[in-house]
1. With the crude spin-label approximation of a point 7 Å out along Cα→Cβ, what separation in nm comes out for residue 58 versus residue 111?
2. Could you compute the net charge surrounding residue 111? Neighbours are other residues with a C-beta less than 14 Å from the C-beta of residue 111; K and R count +1, D and E count -1.
3. Roughly what % of Cα-Cα distances in the stretch 29-116 sit above 19 Å, to the whole percent?
4. Between rounded, prolate and oblate, where does the stretch 48-95 land on the alpha carbon gyration tensor, with a ≥ b ≥ c its root eigenvalues, rounded for a/c under 1.5, else prolate if a/b exceeds b/c?
5. Could you go through the stretch 65-80 in sequence order and give the Karplus-derived ³J(HN,Hα) for each residue, using 6.51 cos²θ - 1.76 cosθ + 1.60 with θ = phi - 60°, rounded to whole Hz, and x for Gly and Pro?
6. For the stretch 109-116, what does the Karplus curve 6.51 cos²θ - 1.76 cosθ + 1.60, with θ = phi - 60°, yield as ³J(HN,Hα) per residue in whole Hz, taken in order and with x for Gly and Pro?
7. Amide H of residue 59 versus every other amide H placed in the peptide plane: which residues, excluding those fewer than 5 positions away on the same chain, fall under 5 Å?
8. Between residue 96 and residue 84, what is the spin-label point distance in nm, taking each point 7 Å from the Cα along the Cα→C-beta axis?
Amino acid sequence: MMLLAIFVFATIPGEKGSDLTLGVSNEVPSVLFWKAGHLFGFALFAGFLTLAASATFNQNIPGARIKAVVIIVGILMAITTELLQSFVPGHIPAIYDIGIDVAGTALGIKFAILWRK
């Protein structure tokens, strides 16, 4: 579900996407709202993926392989969403968005580790 949500939000045209700030954009710049969404969405996805992989392989604390796979999946998803946005009106793919997404992925892994302890 999180993967689907990330791709759905990535394909919202620029003008319509700004309407989804739920009124927050009047107080906080819209860019900040969307970047926080990138971070949060990828953190949730990576956290759930880490927990699921840990449960699948019966590891209480995720090992290095699980963390590496989740990071690689996060990087590939980040690149894919940015490439996808190059086809969406009002969006411009940005390298720094990939960095924010990867940071969210790392944060999600960290939260999953803390959750399992």
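1. 2.9 nm
2. Net charge in that neighbourhood comes out at +4.
3. Looking at the stretch 29-116, the distances longer than 19 Å represent 39 percent of pairs.
4. In terms of gyration-tensor shape, prolate.
5. After applying 6.51 cos²θ - 1.76 cosθ + 1.60, I find 5, 4, 4, 5, 5, 5, 4, 4, 4, x, 5, 5, 5, 4, 5, 4 Hz.
6. 3J(HN,Hα) across the stretch 109-116, in whole Hz: 4, 4, 5, 5, 5, 4, 5, 6.
7. Here nothing satisfies the definition.
8. 2.3 nm
No lab work stands behind these numbers, since they all come straight from the coordinates. Note that the structure is predicted; figures quoted are calculated from it, not measured. Cβ atoms come from the backbone with ideal geometry, glycine included; neighbour counts cover every protein chain shown.
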